[in-house]
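Everything on this sheet refers to the single structure shown next.
The values are calculated or read from the model by the stated rules, or taken from the named source; none is laboratory data. Note that the coordinates shown come from a computational prediction; the quantities given were computed from them, not determined experimentally. Cβ atoms come from the backbone with ideal geometry, glycine included; neighbour counts cover every protein chain shown. Heads up: the accessible areas ignore ligands, DNA and RNA and are worked out on the full protein's heavy atoms, side chains in. Shrake-Rupley method; radii C 1.70, N 1.55, O 1.52, S 1.80 Å.
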Amino acid sequence: TLRQLQARLIESASRHLGDRPETFDALDRIQELRRIDQAIEVLLHSIAQAHLQQLEITAGRLNEYTRTLCLLLAGFGLFVILTLLQFRRVHREEIWVPLEGLRRMVMQVRSGNLRVATEVPDNIEFGTLVQGFLDMAGNLREMRDGLEQKVRERTAALETAQRELVQAAKLSSLGQLISGVAHEINNPLTSILGFSELILARPELDLRLRNQLQAIREEALRLKTLVANLSAYARRGPQRTVRLDLREVLDRLVELRRYQLGASNIELHYDRPPEPVWIDGDRDRLVQVFFNLVLNSEQAILASRSEGDIWLACGQEDGRAWATVGDNGGGMSPAVQACIFDPFFTTKPVGKGTGLGLSISHGIVQQHHGAITVESTEGHGTTMRVSLPAARPASEAPSEPPAKAAAGKPGVTPGRHALIIDDEPSIALLLEQFLSGRGWRCTVLNDAVHLEACLAGQQFDLVICDLKMPGRNGLDVLRLLQAERPELAQRFLLMTGNLADAEQQVSAEELAGVPVLRKPFTLARLELALQGLLPEQE
């Protein structure tokens, strides 16, 4: 561009100026400008060369930087890829695998399986979480097992309670039946016993008749015992509750039964504890319970083998006293075990048992607020266990209440007047003949309707009255005497074939001071009652 400009300037100057000297000066200047231009061109070329060299150097460095950056980027990319791969592996092994195991355990627990197990991760977070879940599952399992055990125990207790309720209902129904029947049996039985004894007291009685009457009396006494056993169902509790050592009950039993068992090739083993086992109960009735249990064991052994063993033991545990009677007899089937406490149930042949032994024993134990259970395997023997409430050791009082001294003389005196009230003519006649034979004058009433008129017209030293009578009963008579003739109420003897009737009508305090003569009674028992009622003699 510069050269084109110079050429145009020279051409323009030559055309306009021609051969003037100014033209030549201009041309010289132009030439000088051309040299300057060339110098500038050379300078520019050198500068361009320098810039090109610098650009080449810069381009080389840039290439080096670019290669280095590419290498760095490639290395960083490889690092990122490796890091991602490692993160994926760690993420799977350290997060997803524990989480999947935890999810499986949760699903197992949800389905009801608390016995879960897995490997605990090494990291703190998930290791703590998985270990905590395993501990929670273990605690839940223990709680469930404990709850299931409590449910089983509670179910067994409810089943036992249900069986006891059923048994109690049976005994209650039987007791109500016996309560009514006993009264009807006791009245004629009293007459049979009394009149047989009156006739037997005659010295002139023929020996053959005496033997026959003696047989009648013995059979009547046997029937009296049977009725007394049946009446045990109607009793609400033990008759004589004292603090006693359960070992003494078993000592008495061993004393009664060891010889007879030895004669039957049965060895009696008694594991007697060194310390007393204190209970509150009726000694005689508890002896009857264990007597029945040992008798059943003896019969079970003899029915299956010619010799055997019976084991007795007692002790105290968790506030309860216990005693066991075990044998190696034939045992019982589950069907028999379910019925052994039912009244009149027996596996013995006809005439060999009444089926009342275990029923009476069960009733006596229940009246002592205890329980009786059976463990038996057919062919391997039976163990009966009696559990009773334990009592604190008694150190301040004797175990038996002191007995009253019996009077040594008869309690009747000739010349006295007795009032007999009973709706059973035979019993009234028996009492009249018994007292008349001892010099008493007797007035007999078969009901208490005209009692006031009788009391107003005569003086009496004794009143013997039956409890259960139509209209005014024996308790009404007693209340009338207490109101109008209190001195005669102190010599009042109440007769009854069922004491439960009286206990239901009056309080225990009101009945406590009233002498009661239970039917059926012997003449000796009647005389003893009169002896305690009229100890003074004229």
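Leu419 - would you say it is under 30 Å from Glu317 (Cα atoms) and modelled with pLDDT of 85 or more?
So Leu419 does not fit the description; no.
When you scan region 504-535, how many residues do you find that are touching an Asp or Glu at 6+ places or on another chain (Cβ under 8 Å), within 19 Å of Leu419 (Cα to Cα) and either modelled with pLDDT under 85 or exposed (fewer than 15 other Cβ atoms within 10 Å of the Cβ) (or both)?
Count: 1.
This table checks each residue for (1) at pLDDT 75 or above; (2) surrounded by 14 or more Cβ atoms within 10 Å (Cβ to Cβ); (3) in contact with a helix residue (DSSP H, G or I) (Cβ under 6 Å, 6 or more places away or on another chain).
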{"residue": "His91", "(1), (2), (3)": "no, no, no"}
{"residue": "Glu100", "(1), (2), (3)": "yes, no, no"}
{"residue": "Arg103", "(1), (2), (3)": "yes, no, no"}
{"residue": "Leu114", "(1), (2), (3)": "yes, yes, yes"}
{"residue": "Glu119", "(1), (2), (3)": "no, no, no"}
{"residue": "Thr128", "(1), (2), (3)": "yes, no, no"}
{"residue": "Gln131", "(1), (2), (3)": "yes, no, no"}
{"residue": "Gly146", "(1), (2), (3)": "yes, no, no"}
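Given the conditions (1) open to solvent by 50 Å² or more (accessible area, probe 1.4 Å); (2) in contact with a helix residue (DSSP H, G or I) (Cβ under 7 Å, 6 or more places away or on another chain), and given that Leu293 satisfies all but one, which numbered condition is not satisfied?
For Leu293, the failing item is (1).
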